[in-house]
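See structure below.
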Amino acid sequence: MKKLVLFILLLSSAAVFSFTQQKFALVIGNGNYTDLGRLNNPLNDANDMEAALRNLGFTVEKVLDGSIDQMESAIIRLKNRLSVSKNSYGFFFYAGHGVQSGGSNYLIPAGARIPGENFLRERAVSVQSMLAELNDAGNELNIIVLDACRDNPFSWARSGSRGLTVVSNQPADSIIVYATSAGSTAQDGTGRNGLFTSQLLKHLNTPGVEVSELFRLTGADVSQASNRQQIPAVYNQFFGRAYLGSASAANIPAPAPAAAAVQPVPATQTPAPAVTSSQAPSAAAQITPAPAAELPVPQNLSADTPGTGSVTLRWDSAGQGYSYRVYWSTQNDLSRAAAFNNSIYGTSFFISNMSANTNYYFWVVSVRNRLESVKSAVISINKTTANPIDMVRINGGTFMMGSPSREAGRRSDETQHRVTVSSFYMGRYEITQKEYQEVMGANPSYFIGDNLPVEMVTWFDAIEFCNNLSQIEGLTPTYTITGRTPVSGYPITAATVTWNREANGYRLPTEAEWEYACRAGTTTAYNTGNTINTNTGWYSKNSNSRTQPVGQKPANAWGLFDMHGNVWEWCWDWYGTYPSSAQTDPVGTSAGSCRVYRGGAFITSASSVLSALWRRYLSAADVRSAYRGNSTPTSRIGCIGFRVVRN
């Protein structure tokens, strides 16, 4: 029988090679209630669940003591991330107060004031609405865990309305877990975590546990620890097999023994994959082909056009009850291939961060009853580098930085001073989501679209993007990052970044470079004159409260797009007071608490992306050439992106 061989040639320079089933989680812990008193454990539960899920390879967003807007916005972001990859896993965890009313369940925000039952729909998060949003993502599996089955805390609560009610209209491909049975209450616990969450954490950290078994073991331990006073409820509409972490050999349907074992390529012959535990190759995987008449095989294998070291494989289903597995080698020799433990229950597989200057071969097989079968076909994709960033040369010169005292909308931190800037190259466009995905292997954005500017990126994220892109293109990385917390993974909560000003790699613009390039020789409030209109920039009057594809409005005189509006753009500088004297190539103050961003954005008071602090009307004055914004380098906001420069 012929084998299905997928040959991909990627001549990129990414540092690592990984096969990933994309996994996204939202963790919410509400404990410090305004009117209901304090719950002891939900914040601990949320923090510990975040750590456990990150350890399993999930990209996690965490909300602590969330308002209704923060909770609902986070749910929408989770849906958007899941919708990008149909074979992704979603995990929603909530710890805090939850109540039932009229046959529906509601999660109570920390600051909610709910004087009567009729206010629940407007002031609490509907569980059914949350389920509907996640179902709309169309991804492979969603797991919803609600440790919210406490007594109804409100004085208006009716007798008999304890805990949560049974799940109605459960979406397909979902597993919903209550900390205790419907109509019962859960124990908040006497230790660091609630009883249910403490047992869930124990089994989440156990390698090789299939997801159904995970909740069976958790339920059994909760029941035993509570002397059967608390019995978790599991509502399952998922009929495949899924592993949130690594799947042990005992739990994966192993191939039957074959005469010749399939061994990984020796590390001396090829760059070894650097993968997480959930993606580790099987050291002695074996293949037993089944007769084609007995075991259908995948059809119509294809690959989405890869970016920098990334590609998504897609194929048609072999039929109900079949899973799939991927094998890889750097030689066209199945006897030297290594298997990855991901049991794939969808019909796509995402590959990212492939090693430099290396040819990879991939075998995709269908699996059933410990047998594997493959279909002969071959595909070749050549990729030499990243899709190049379109850069514009900005010739050096001298300009007046800041704004004159009579400029409309002027702020007090815009003191005018003379600045000389050396020549540099600047990205013609803001970094798009496609470019970010190709380099980083992830897309954190709230609004989804390949040609939309990436947002929801911290200053640290932008710094790492610059270094990664520099490595891909064989350039010297500009930044040295020390004291990174955590050492790997996201979000980065702390780091020290030093700039090698002689390096030729990508970097963020200084605040002076940004304003010089934005003005493009003009001295007016905008590079379009003293006024701006909806034909020349994206801001609150025309953006429809969302980002827009880059390059849709006219470029400035030097060929740069979206310098006024769309998303704010991170700069290198710490935010501080301008000097009054003339400067040459200034880089800002030596230290501070906030980094600068420039350019204005799309936001309006109606935007649900932003916190209450940001919910104000963004006038045209805020997209002026001289306007300065600032935020902490860990800030992740749906209207901040960046563009890159090079020396």
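Quick rundown of the values:
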quantity	calculated
Positive-pole candidate from P115, L43, N80, dipole of segment 25-126, charges at beta carbon	N80
Extension gain, R38 back to I481 (0.36 nm per residue minus Cα-Cα distance, nm)	155.5 nm
Label point distance in nm, K86-A51, each placed 7 Å from Cα along Cα→Cβ	3.9 nm
Kirkwood Rh, angstrom, segment 64-116 [1 / mean 1/r, Cα pairs]	12.9 Å
Span from the segment 89-140 Cα centroid across to the segment 526-595 one, whole angstrom	38 Å
Inter-centroid distance (Cα atoms) of segment 446-513 relative to segment 194-231, Å	40 Å
R0 of 56 Å, Cβ-Cβ distance Q170-A408: FRET efficiency to nearest 0.05	0.50
Mean accessible surface per residue for segment 52-126, computed with a 1.4 Å probe while every protein chain stays in place, in Å²	35 Å²
Where segment 506-600 is the region considered: accessible area per residue in Å², 1.4 Å probe	37 Å²
Net lengthening on full extension, T522/T584 (0.36 nm per residue, minus Cα-Cα)	20.4 nm
Simple label model, 7 Å out from Cα along Cβ direction - R228 to R192, nm	3.2 nm
FRET E, pair Q320, S129, Förster distance 25 Å, beta-carbon r, rounded to 0.05	0.25
Extension gain, N395 back to T496 (0.36 nm per residue minus Cα-Cα distance, nm)	33.3 nm
Angstrom value of the Kirkwood radius, inverse mean 1/r, which spans all Cα pairs in segment 450-562	16.6 Å
L146 accessible area, assembled protein chains, probe 1.4 Å, Å²	0 Å²
FRET efficiency for A555 and A220, using Cβ-Cβ distance with R0 set to 41 Å, rounded to 0.05	0.05
Distant alpha-carbon pairs in segment 378-513 (separation over 22 angstrom), percent	52 percent
Cα centre as origin, Lys/Arg/Asp/Glu Cβ charges: segment 411-553 dipole, Debye	320 debye
Hydrodynamic radius of segment 401-451 per Kirkwood, over alpha carbon pairs, in Å	14.8 Å
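The values are calculated or read from the model by the stated rules, or taken from the named source; none is laboratory data. Just so it is clear, the structure is predicted and the values come from calculations on it, not from any experiment. Cβ atoms come from the backbone with ideal geometry, glycine included; neighbour counts cover every protein chain shown. These accessible areas exclude ligands, DNA and RNA; they are computed on the full protein's heavy atoms, side chains included. Shrake-Rupley method; radii C 1.70, N 1.55, O 1.52, S 1.80 Å.
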